[in-house]
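Visitor: Could you have a look at this structure, given as structure tokens, before my questions?
None of the figures in this text is laboratory data; all of them are computed from the coordinates on show. In this text the structure is predicted, and so the values were computed from the model without any measurement. When we count neighbours, we look across all protein chains shown, and the Cβ atoms used for this are built from the backbone with ideal geometry, even at glycine.
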Amino acid sequence: MDDCIFCKMANGEIRPDVVYEDDQVLAFRDLNPQAPTHVLVIPRRHIGTLNELGPSDAELVGRLFLAAREVAQAEGIAERGYRTLINCNAEAGQSVFHVHLHVLGGRRMHWPPG
Ligand code: AMP
């Protein structure tokens, strides 16, 4: 997608603050962090929302969560605790339409989220 900022990060056109990457997944620090650790894990391939994932993406979805686990360990929050979440579409507050898994930690999380 030509106008997708996360695609530009995935293909190297824009270089975010990368904390993890492999052939399918990229993880970088959120520009507007909501916790001491706030990382976004994205698939390199453009997928707009969670709704667009299909059965053939099962491995990719697993890779996103395995990357989140790697990030949490590297950030030193794995044992204390952290939150992973995906916002899907308007009511959930999705603002960038390239699927991304938020990884938040380093402070106590509240429930329910706002
Ligand atoms: P969401 O609201 O779930 O779509 O999350 C989008 C996230 O992307 C927000 O937390 C933004 O702060 C973050 N974001 C937007 N642009 C950038 C950017 N250029 N670099 C890093 N994070 C960004």
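Visitor: Output the residue which, of all residues in the stretch 1-25 that are of a type outside the set (S, T, N, Q), in a loop (DSSP other than H, G, I, E, B) and closer than 17 Å to residue 63 by Cα, is farthest from the ligand (Cβ to nearest atom).
Guide: Selected residue: 23.
Visitor: Restricting attention to the stretch 42-66, which residues are touching a helix residue (DSSP H, G or I) at 6+ places or on another chain (Cβ under 8 Å) and β-branched (Val, Ile, Thr)? Quick ask: steps written out before the conclusion?
Guide: Kept after step one, since they are touching a helix residue (DSSP H, G or I) at 6+ places or on another chain (Cβ under 8 Å), are these residues of the stretch 42-66: 42-47, 53.
Selection gives 42, 47.
Visitor: Collect the residues in the stretch 94-114 that are loosely packed, with under 14 Cβ neighbours inside 10 Å and either at positive phi or small (Gly, Ala, Ser) (or both), keeping them in residue-number order.
Guide: Within the stretch 94-114, 95, 114 qualify.
Visitor: Within the stretch 26-39, take every residue that is aliphatic (A, V, I, L, M) and surrounded by fewer than 22 Cβ atoms within 10 Å (Cβ to Cβ) and give me the one that is farthest from the ligand (Cβ to nearest atom).
Guide: 35
Visitor: Check the stretch 41-51 and report whether any residue there is under 17 Å from residue 69 (Cβ atoms), within 14 Å of the ligand (Cβ to nearest atom) and of a type in the set (Val, Ile, Thr).
Guide: Yes.
Visitor: Within the stretch 60-95, track down each residue that is more than 16 Å from the ligand (Cβ to nearest atom), hydrophobic (A, V, I, L, M, F, W, C) and assigned to a loop (DSSP other than H, G, I, E, B).
Guide: Once the filter is applied, which keeps residues that are more than 16 Å from the ligand (Cβ to nearest atom), hydrophobic (A, V, I, L, M, F, W, C) and assigned to a loop (DSSP other than H, G, I, E, B), the stretch 60-95 yields 77, 78.
Visitor: Can you tell me which residue in the stretch 1-46 is nearest to residue 83 (Cα to Cα), limited to those that are acidic (Asp, Glu) and in contact (Cβ under 8 Å) with a residue 40 or more places away in the chain? First the steps, then the outcome.
Guide: From the stretch 1-46, those acidic (Asp, Glu) are 2-3, 13, 17, 21-23, 30; that's our starting set.
Going one step further and asking which of them are in contact (Cβ under 8 Å) with a residue 40 or more places away in the chain, we end up with 22, 30.
Details: 22: 22, 30: 14 Å.
The selected residue is 30.
Visitor: Condition first: surrounded by 16 or more Cβ atoms within 10 Å (Cβ to Cβ) and out of contact with any Leu (no Cβ under 8 Å at 6 or more places or on another chain). Now tell me which residues in the stretch 70-86 satisfy that.
Guide: The answer is 70, 71, 72, 75, 77.
Visitor: Out of (1) part of a helix (DSSP H, G or I); (2) in contact with a Pro (Cβ under 7 Å, 6 or more places away or on another chain), the odd one out for residue 28 is which?
Guide: Of (1) part of a helix (DSSP H, G or I); (2) in contact with a Pro (Cβ under 7 Å, 6 or more places away or on another chain), only one is false for residue 28: (1).
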